[in-house]
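Asks: If you scroll down you'll find the structure; I have some questions about it.
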Amino acid sequence: MVISEGTSYNVKVDGTWKEEKGAAWHSKEMELVINCPQGFLGTLLVHFYDWNHNGRSGLLEFEGRKAKLGNHEEGEWVKFHVMREDSNDGKLVLKSKVNSGPNLMITKVVLLNDN
């Protein structure tokens, strides 16, 4: 996880997975909460990876905005623009829920500060 200065995070997942290809958080439903300065402006990048080809797909929700995550066997970066309105409460929330496959796996998270 790469995050901007002045931020911290916590994650609710079923567990972590580690093997030769890398490490990941995994769960049928995940919640990533990033504590950030109020009025934070930037970009959140989240890498989902179905490296063992289990047909994973899901639904994502970032600060009320919804997106679909399709097949991502080669890995897929999902990009969210962080508006000041998103961070007025001092936190950013990303939720994910599996549609197909055993779970979803997050391998990388990057929060970039545009301020």
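Derivation of every value follows stated rules applied to the coordinates shown; laboratory data play no part. All values derive from a computational prediction rather than experimental measurement.
Asks: Over the chain, what is the relative contact order in percent, taking alpha-carbon pairs closer than 8 angstrom and at least six residues apart?
Replies: 39 percent
Asks: Related question: What is the Cα convex hull volume of the chain when expressed per residue in Å³?
Replies: Numbers: hull volume 10.3 nm³, N = 115.
Once divided by residue count, the hull of the chain is 90 Å³.
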